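The values are calculated or read from the model by the stated rules, or taken from the named source; none is laboratory data. No experiment lies behind these values; they were computed from the predicted model shown.
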Amino acid sequence: MALGKGGVMSESNSKKTDPNVEEYELERVPKAQNDTGHDELYVVYNGVHIAKRGHPGTPQAETWVALEPGYRVFDGYDLGTIVIEYNGMFLQ
């Protein structure tokens with residue numbers, strides 16, 4: 001995990017070996033640095049925030065909430081992995 005701009009934590013899929021596979025990163029934004037009043041965790045795919053983690057105590061808790069049309073993000077079977085789908089095709 002690396003420290004990004006403004007104290008934002010991010011983790012990327014930097015272990016990729018296929019140059020044709022686009023990159024994603026997980027971006028953590030502390031509540032003090034956003035307007036939601038909550039700590040946020042985003043999936044950034046090719047520079048676009050495509051999903052965020054649902055807040056505890058809500059129906060979306062422990063799931064990924066899509067922010068861009070056509071994208072779905074799921075937790076992978078392996079701990080610490082995610083699956084990205086766009087218009088029914090798996091990207092990651």
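Give me the residue from the range 62-92 that is charged (D, E, K, R) and more than 10 Å from Ile50 (Cα to Cα) and, out of that set, farthest from the chain's Cα centre (by Cα). Per the criteria, the residue is Asp78.
Strands (runs of 3 or more DSSP E) fully within the chain that include at least 1 residues being on the phi < 0 side of the Ramachandran plot and at pLDDT 90 or above: 24-29, 40-45, 48-53, 64-66, 71-75, 82-86. Restricting attention to the range 68-91, which residues are of a type in the set (A, V, I, L, M) and over 15 Å from Glu25 (Cα atoms)? Within the range 68-91, Leu79, Met89 meet the criteria.
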